[in-house]
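Undergrad: One structure, as structure tokens, below. Some questions next.
The values are calculated or read from the model by the stated rules, or taken from the named source; none is laboratory data. Note that the structure is a prediction, hence the values are computed from the model and not measured. Quick reminder, even Gly has a Cβ in these numbers, built from the backbone with ideal geometry, and neighbours come from all protein chains shown. Heavy atoms of the whole protein, side chains included, go into the accessibility calculation; ligands, DNA and RNA do not. Shrake-Rupley method; radii C 1.70, N 1.55, O 1.52, S 1.80 Å.
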Amino acid sequence: MSGQALQRETRRTSVKLNETQLSNGKLIAELNEHPWIARIEFTDSLGDQQYLCLGALIAPRHVGTAAHCLSYDDTKLSAVVIGDWDSSNNITEQDCSAQGLCAPLPQRIEHQTVAIHPEYAVHKIDNDIAVIELARNVEIFDYVQPICLATAEEVSAALHVSGFLRPKSQRTMQRIKMPFKKLPTEECQKKVRHNTMATSNICGITDFNPMSGAALIEAHGEPRRFQLVGIAAAGFNSEPSLHLHTNIRLHLDWIQQNSKV
């Protein structure tokens with residue numbers, strides 16, 4: 001099968017919430033799971049590209065991420081990559097599963113503007129959220145889909161983290177998903193110790209440490225849909241991994257103003 005024919009074939013795969021995928025307990029996500037995950041590309045002073053953070057596609061032209069990701073002194077934001085499943089290879093190569101199913105090539109799109117929450121301050125784990133506007137709309141199909149924002153009302157639903165693990169973990173270079181155990185603020189503060197966390201953060205643990213900007217998601221409704229609940233803002237080197245997420249529900253108005261969602 002030619003590359004073009006293969007891409008046409010893969011576009012027919014459905015990305016609707018698959019209950020079997022949701023509950024299969026696997027760390028590595030399947031090719032069409034969590035198709036809103038974005039890898040954020042930065043360029044250093046030597047012109048080399050690095051992928052230092054993640055984001056979540058919330059509209060065809062907008063990606064939500066952590067504000068601290070856009071505050072590095074030695075690198076600058078250059079582009080966003082959507083539809084990448086395996087971070088160990090070049091984005092000019094198709095990602096293929098062990099079963100031989102291949103996804104279309106990832107989309108690399110330069111950014112146009114960046115909106116950082118006005119109350120965010122460097123070195124503070126609060127209001128750590130930003131919205132990147134892309135230079136053009138992404139192409140939406142089975143392997144690239146925006147995620148809905150959480151509703152204003154909190155629901156009792158199982159939470160998961162989706163994205164990629166920090167590279168130093170060496171667990172896998174492919175897109176992952178992990179159950180997230182939410183902890184009370186008081187318990188988290190004891191674990192964080194000398195680092196002061198905001199009561200607005202969502203704190204919890206997963207088996208491994210995700211990259212900054214990873215998506216905290218929930219699935220509920222009828223039919224069930226994934227919603228973006230949080231953005232990974234800080235993590236602490238441990239396994240199980242304790243990490244904090246910016247609470248999307250507290251910033252819905254600001255996100256909508258800056259993304260036209």
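Undergrad: What number goes with the only condition from (1) touching a Gly at 6+ places or on another chain (Cβ under 9 Å); (2) touching a residue at least 40 places away in the same chain (Cβ under 8 Å) that Gln107 does not pass?
TA: (2)
Undergrad: Suppose we keep only residues that are hydrophobic (A, V, I, L, M, F, W, C) and farther than 23 Å from Leu165 by Cα within region 104-116. Which one would you say is least open to solvent (accessible area, probe 1.4 Å)?
TA: From region 104-116, those hydrophobic (A, V, I, L, M, F, W, C) are 105, 109, 114-116; that's our starting set.
From what is left, the residues that are farther than 23 Å from Leu165 by Cα are 114-116.
Values: Val114: 63, Ala115: 21, Ile116: 70 Å².
So, considering only residues that are hydrophobic (A, V, I, L, M, F, W, C) and farther than 23 Å from Leu165 by Cα, the one least open to solvent (accessible area, probe 1.4 Å) is Ala115.
Undergrad: I would also like to ask the following. Which strands (runs of 3 or more DSSP E) sit wholly inside region 1-86 and have at least 1 residues that are over 20 Å from His251 (Cβ atoms), in contact with a Ser or Thr (Cβ under 9 Å, 6 or more places away or on another chain) and at pLDDT 80 or above?
TA: Fully inside region 1-86 and qualifying: 37-44, 49-59, 75-82.
Undergrad: Within region 161-171, track down each residue that is of a type outside the set (S, T, N, Q) and at pLDDT 95 or above.
TA: Correct list: Val161, Gly163, Phe164.
Undergrad: Turning to a different aspect of this structure: Among the residues of region 87-103, count how many are charged (D, E, K, R) and either over 20 Å from Leu54 (Cβ atoms) or open to solvent by 50 Å² or more (accessible area, probe 1.4 Å) (or both).
TA: 1
Undergrad: Out of the residues in region 65-86 meeting the condition of being farther than 20 Å from Val144 by Cβ and in contact with a Gly (Cβ under 8 Å, 6 or more places away or on another chain), tell me which one is surrounded by the fewest Cβ atoms within 10 Å (Cβ to Cβ).
TA: Cys69
Undergrad: If Glu119 satisfies every condition in (1) more than 30 Å from Gln189 (Cβ to Cβ); (2) open to solvent by 70 Å² or more (accessible area, probe 1.4 Å); (3) not β-branched (Val, Ile, Thr) but one, which is the exception?
TA: (1)
Undergrad: Still on this model: Limited to region 32-41, what total is found for residues that are open to solvent by 10 Å² or more (accessible area, probe 1.4 Å) and of a type in the set (A, V, I, L, M, F, W, C)?
TA: So the answer is 1.
Undergrad: Tell me, please, whether a residue that is closer than 21 Å to Arg175 by Cα and in contact with a His (Cβ under 8 Å, 6 or more places away or on another chain) can be found in region 68-81.
TA: Yes, because at least one residue in region 68-81 is closer than 21 Å to Arg175 by Cα and in contact with a His (Cβ under 8 Å, 6 or more places away or on another chain).
Undergrad: Within the group Gly221, Gly235, Gly213, Gly230, which residue is in contact with a Pro (Cβ under 8 Å, 6 or more places away or on another chain) and not aliphatic (A, V, I, L, M)?
TA: Values: Gly221 fails: in contact with a Pro (Cβ under 8 Å, 6 or more places away or on another chain); Gly213 fails: in contact with a Pro (Cβ under 8 Å, 6 or more places away or on another chain); Gly230 fails: in contact with a Pro (Cβ under 8 Å, 6 or more places away or on another chain).
None of the others qualify; the one that does is Gly235.
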